[in-house]
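The values are calculated or read from the model by the stated rules, or taken from the named source; none is laboratory data. Predicted model only: the values in this text are computed from it and were never measured. FYI the Cβ positions are ideal-geometry reconstructions off the backbone, even for glycines, and counts take in every protein chain you see. We work out accessible area using only protein heavy atoms, side chains counted, and drop any ligands, DNA or RNA first. Shrake-Rupley method; radii C 1.70, N 1.55, O 1.52, S 1.80 Å.
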Amino acid sequence: MYHDALTQVTDIKELAEVFCNLHNFVIVPYSADVQVDFVIDTDTNRIYSPTY
C-alpha cells in the first residue's frame with residue numbers, strides 16, 4: 001500500500017494525501033492527544049508501531 005502511493009508522488013509532502021485517496025482513508029490533523037497505531041517514517045521508509 002505504502003509503496004504504491006510512493007510511486008505516484010514527486011514530492012514527499014504529497015504522500016499522505018495520495019495514500020489516503022488511494023485507500024479511502026481520512027487525514028486526521030495532528031493532535032498530541034491522538035495515539036496512532038502505526039507510523040510511516042518517510043525519511044527512512046520504515047513503518048512501525050509506536051510505544052506510548
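Scanning the stretch 44-51 for any residue that is touching a residue at least 40 places away in the same chain (Cβ under 8 Å) and touching an Asp or Glu at 6+ places or on another chain (Cβ under 8 Å) turns up at least one such residue. Quick check on the stretch 18-41. Is at least one of its residues surrounded by 10 or more Cβ atoms within 10 Å (Cβ to Cβ), touching a residue at least 24 places away in the same chain (Cβ under 8 Å) and assigned to a strand (DSSP E or B)? Yes. Filtered by the rule that a residue be more than 11 Å from the chain's Cα centre (by Cα) and open to solvent by less than 70 Å² (accessible area, probe 1.4 Å), the stretch 1-17 gives Val9, Asp11.
Anything in the stretch 42-51 that is open to solvent by 100 Å² or more (accessible area, probe 1.4 Å) and under 19 Å from Ala5 (Cβ atoms)? List them, or say none. Working first, answer last.
Taking the stretch 42-51 first, the residues open to solvent by 100 Å² or more (accessible area, probe 1.4 Å) are 43, 46, 51.
Across the stretch 42-51, the qualifying residues are Asp43, Arg46.
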